[in-house]
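Some notes on the structure that comes next.
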Amino acid sequence: MQDYLSSLNEQQKQAVLHTEGPLMIVAGAGSGKTKVLTTRIAHLLQLGVDAFRILALTFTNKAAKEMKERIEHMLGNSDARNLYIGTFHSVFARILRIEAERLGYPANFTIYDTDDAKNVLKTIIKEKGLDEKHYKPAFVYNRISAAKNNLYTYKEYQHDQHIQQEDARSNRPLIGEIFESYSKRCFRNGAMDFDDLLVNMYALLTNSADALSKYQHKFRYVMIDEYQDTNLAQYRIIKLLGAMHENICVVGDDAQSIYSFRGASMENIFQFQKDYGDVRIIKLEQNYRSTSTILKAANEVITRNENQIKKELWTDKQQGDKIIVASTFTDNDEGKFVADAIMEQKLRYHLSNKEFAILYRTNAQSRSFEESLRRSNIRYRIYGGLSFYQRKEIKDFIAYLRILVNPNDEEALKRIINYPTRGIGASSITKLALSADENQTTLWETLNRAGEFGMKGSTLSSIQDFVTMIRYYQSCLDKKNAYEIAYELGKSSQLIKELYSDKTVEGLARYENIQELLNSIKEYTETPTEDGELVERNLGSYLQQITLLTDADKEGDEDEDVVKLMTVHASKGLEFPCVFSGIGRKHFPQ
């Protein structure tokens with residue numbers, strides 16, 4: 001027996017050795033599912049399977065990186081570099097870059113993050129003369145996102161009677177019309193939002209027999225982590241990709257399905273058993289993470305689920321401390337109780353801040369905890385707050401870089417065409433954008449022909465200077481690396497000078513953030529390119545990498561000595577020696 005199998009328990013070993021045919025691994029919390037997945041992949045490689053024939057889909061880039069590193073360590077070679085391991089969105093984006101022309105997109109399409117998408121919707125809502133307070137961009141975005149996750153096109157949305165009745169009842173009957181305009185605007189801009197990466201991957205496989213055959217032949221083994229968190233689009237894509245060989249291995253746990261509000265369907269894990277009559281089901285029930293007290297409490301809760309895959313988690317760990325349930329009268333009392341308890345635990349057991357986590361239902365509940373922690377001089381950090389890449393100065397700089405890769409990216413273009421100020425007023429930008437709409441062309445094209453669209457004098461001169469600058473750096477894309485281009489463009493655009501000139505505390509922080517961004521680009525370009533079919537380390541691949549960062553990937557230094565505050569949803573997959581969980585003032589039915 002190979003060494004990499006020796007540390008597995010019997011159920012884990014069975015899951016690793018079952019390589020042919022459909023397999024469902026029901027992995028209870030803390031049962032070593034990542035270990036099983038990585039060992040299973042290593043075992044396939046040891047059997048002689050080519051790395052590029054293995055597709056493993058995760059929900060965070062962090063998890064994918066950890067899996068690759070474990071496999072490399074296990075085998076002592078670099079085969080793992082050629083594996084297709086990544087999030088659904090990053091792997092599909094990689095495939096869509098290759099196949100973009102089949103769908104009518106440029107290979108250098110932009111990926112819009114949630115803020116970009118909402119800004120496009122805000123523009124469309126304004127153009128249609130609708131009340132933004134009623135047609136809130138966030139609400140409209142969520143409706144469109146839910147539709148896409150269920151593979152609805154804007155035409156299907158508009159013709160679905162149930163959906164139209166829902167919109168009418170909420171007094172928002174024009175969402176379908178906004179959906180249509182949004183889809184056409186993104187397509188014209190050469191852009192896909194996060195949901196489009198799934199929708200277009202599905203469209204690629206269903207509309208192109210050649211592409212379907214290509215990727216069905218390519219991926220002989222398909223593995224999916226956190227299967228209970230997949231939505232309909234992901235489920236359909238997985239089924240298509242695995243239809244030829246049916247060597248599909250899904251890992252999940254119905255009891256850990258907590259993302260239905262994001263479109264995840266727990267039914268997928270039950271449907272898998274119906275789709276594959278010969279499926280092998282292996283349950284991982286030994287928990288390596290928790291004490292028997294915590295596990296017993298969890299089992300008692302899980303047994304109340306009406307629809308479930310029966311399992312009984314167990315552990316050989318000691319009983320451990322009892323779970324403490326405390327009731328307080330107010331939010332402030334709750335915050336003080338937690339802060340005092342942390343101080344006591346730190347003193348009694350010599351714990352550091354990073355060993356504590358405070359969980360709550362919604363981000364709005366963090367206030368009382370923050371105030372109490374500050375009063376007690378306890379350092380903390382909120383997970384799920386404003387990430388580095390969402391800061392204004394960072395988004396401004398990245399918008400310049402996005403324009404170089406895809407000049408049709410209207411959102412990026414409008415963001416930086418007059419920042420720093422170069423004499424191109426808001427009325428001129430609006431006029432050019434309207435001209436672009438009327439002529440069914442892009443804003444970039446109207447800028448290149450600004451004189452034909454009524455621009456004159458100093459405004460026309462400023463536009464021409466801007467276009468010349470962008471065109472010059474576009475010509476450098478094949479000659480210079482991403483860091484060289486970013487650094488030089490930052491100076492030429494006066495963006496770095498603008499931030500450097502602001503000597504306020506906030507201004508200095510913004511300047512330092514830009515330096516940190518440049519450092520990250522430099523580090524990216526200096527990291528050796530991986531072997532095989534992986535993307536080159538150019539400006540386009542850098543932008544894709546940072547756009548597709550998940551919440552778990554953005555959270556910074558795990559070793560920072562701070563108490564971590566986050567929602568229960570954000571804590572999934574993490575573990576801490578000491579956890580406080582507050583349900584807030586909401587009353588639940590008895």
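The values are calculated or read from the model by the stated rules, or taken from the named source; none is laboratory data. Please read these numbers as outputs of a predicted model, since none were measured by experiment. So basically every Cβ, Gly included, is an ideal-geometry build from the backbone, and we count neighbours across all protein chains shown. With ligands, DNA and RNA removed, areas are computed over all heavy atoms of the protein, side chains included. Shrake-Rupley method; radii C 1.70, N 1.55, O 1.52, S 1.80 Å.
Results, tabulated for the structure shown:
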{"quantity": "Candidates THR87, THR114 - the one that is open to solvent by less than 10 Å² (accessible area, probe 1.4 Å), closer than 17 Å to LEU197 by Cα and polar (S, T, N, Q)", "calculated": "THR87"}
{"quantity": "Helices (runs of 4 or more DSSP H) fully within region 343-434 counting 1 or more residues that are among the polar types (S, T, N, Q) and free of Cβ contacts under 8 Å to residues at least 40 places away in the same chain", "calculated": "366-375"}
{"quantity": "Residues (part of a loop (DSSP other than H, G, I, E, B), touching a residue at least 60 places away in the same chain (Cβ under 8 Å) and under 27 Å from LYS572 (Cα atoms)) located in region 231-280", "calculated": "ASN231, ASP253, ILE258, TYR259, GLY263"}
{"quantity": "Test set (1) of a type in the set (Gly, Ala, Ser); (2) open to solvent by 40 Å² or more (accessible area, probe 1.4 Å); (3) assigned to a helix (DSSP H, G or I) - ALA298 fails condition number", "calculated": "(2)"}
{"quantity": "Test: residue in region 48-71 that is more than 25 Å from LYS148 (Cβ to Cβ), part of a strand (DSSP E or B) and in contact (Cβ under 8 Å) with a residue 12 or more places away in the chain", "calculated": "yes"}
{"quantity": "Filter result for the condition that a residue is surrounded by fewer than 17 Cβ atoms within 10 Å (Cβ to Cβ) and modelled with pLDDT of 90 or more, over ILE248, ILE281", "calculated": "ILE281"}
{"quantity": "Of all residues making up region 326-338, the number that are under 34 Å from the mean Cα position of the chain (by Cα) and closer than 25 Å to ALA297 by Cα", "calculated": "3"}
{"quantity": "Residues of region 178-198 classified as more than 22 Å from ILE546 (Cβ to Cβ) and open to solvent by 20 Å² or more (accessible area, probe 1.4 Å), total", "calculated": "7"}
{"quantity": "Of all residues in region 318-358 being β-branched (Val, Ile, Thr) and open to solvent by 100 Å² or more (accessible area, probe 1.4 Å), the one that is farthest from SER292 (Cα to Cα)", "calculated": "VAL325"}
{"quantity": "Region 296-317 - residue that is touching a helix residue (DSSP H, G or I) at 6+ places or on another chain (Cβ under 7 Å) and polar (S, T, N, Q) and, of those, farthest from ALA255 (Cα to Cα)", "calculated": "THR315"}
{"quantity": "Meets criteria (of a type in the set (Asp, Glu) and in contact with a Cys (Cβ under 9 Å, 6 or more places away or on another chain)) for GLU371", "calculated": "no"}
{"quantity": "Top-ranked residue in region 216-230 [being within 23 Å of the chain's Cα centre (by Cα) and outside any loop (DSSP other than H, G, I, E, B); ranked as farthest from PHE59 (Cα to Cα)]", "calculated": "VAL222"}
{"quantity": "Matching option when the condition is farther than 25 Å from PHE187 by Cβ and of a type in the set (Ser, Thr, Tyr), among TYR419, TYR400", "calculated": "TYR419"}
{"quantity": "Members of region 470-487 that are in a helix (DSSP H, G or I) and open to solvent by 30 Å² or more (accessible area, probe 1.4 Å)", "calculated": "ARG471, TYR472, GLN474, SER475, TYR483, GLU484, TYR487"}
{"quantity": "Number of the condition not met by LYS13 [criteria: (1) assigned to a helix (DSSP H, G or I); (2) more than 22 Å from TRP314 (Cβ to Cβ); (3) charged (D, E, K, R); (4) out of contact with any Asp or Glu (no Cβ under 6 Å at 6 or more places or on another chain)]", "calculated": "(2)"}
{"quantity": "Test result for LYS274, open to solvent by 100 Å² or more (accessible area, probe 1.4 Å), among the basic types (Lys, Arg) and farther than 19 Å from CYS249 by Cβ", "calculated": "no"}
{"quantity": "Matching residues, region 382-419, being in contact with a Ser or Thr (Cβ under 7 Å, 6 or more places away or on another chain) and surrounded by fewer than 20 Cβ atoms within 10 Å (Cβ to Cβ)", "calculated": "ILE382, GLY384"}
{"quantity": "Residue satisfying condition, being at pLDDT 95 or above and outside any helix (DSSP H, G or I), within set ILE144, ILE111, ILE95, ILE124", "calculated": "ILE111"}
{"quantity": "Among (1) within 30 Å of ARG40 (Cβ to Cβ); (2) more than 25 Å from the chain's Cα centre (by Cα); (3) not in a helix (DSSP H, G or I) - the single one ASP131 does not satisfy", "calculated": "(1)"}
